[in-house]
Structures are given as structure tokens and as C-alpha cells.
Amino acid sequence: MATQRLSDTLPGTWRLLSRIDVTASGARHDDLLLGTDPVAWLVYDGSGHFAAQFMKRDRDDVAVAPTAAGPNNTRAVGGYDAYFGTYTVDERARTVTHHRIANLNPG
């Protein structure tokens, strides 16, 4: 049985089940603005475009802006983050890479 191509199965709307933030040097860290278990939706279309929205599960906490961990991280505003752009799939590595065009926080 052949493995399905990731680029064929990815298009659609996905609910985030887990999230691990990693710095450019490979170190894992907790996102202080969104928490370790955010509520999130990611939408991929068949032409290479995506949109992502993340919300801190308990937004009653006051969010304090940390420094960005790397160039690919956006910064949440009030426990909420959203961005969109294009994506590429590496079938061999079975990974998806987001290429941001714009995000909620201009930082």
C-alpha cells in the first residue's frame, strides 16, 4: 500500500491538537502569550494558501509580551494571534512550511 501524499491530504480545515514552539537553535520553549494548549484552526487550500488563528485557552489571564523567539514567530495580541500566507510541502520529510504574508500584530 502506497503512502498518501501529504500535499493531497492537507487541504481542508484542521483543529490544532498540540503545539511545540522551537527556537532557531532547536530549543523548545513555552509561548507565554498563547500557552501550551491554545485553541486553533488552520485552513489550507489546494493552491498553496493558508490561514491560521490561535487563541489562548484561558484568556482571563493578562498577557505580557515576551521577546520573539525567532523570525517565524508572530506575537499574540490579548491572547489571540492570526496570520496567513502560502505554504510548501516537503513530501520526503513530510513537513509543511508556512510563508507568512501578513499577521495580526505588525511586529
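Quick note: the coordinates plus some simple rules give every number you see, no bench work behind them. From a predicted model like this one, the values you see are computed outputs, not experimental measurements. Quick reminder, even Gly has a Cβ in these numbers, built from the backbone with ideal geometry, and neighbours come from all protein chains shown.
Label-to-label distance for ASP58 and ARG5 is 4.5 nm, based on points extended 7 Å past Cα in the beta-carbon direction.
Extension gain, GLU91-ASN105: 0.36 nm per intervening residue step, less the Cα-Cα distance, totals 1.9 nm.
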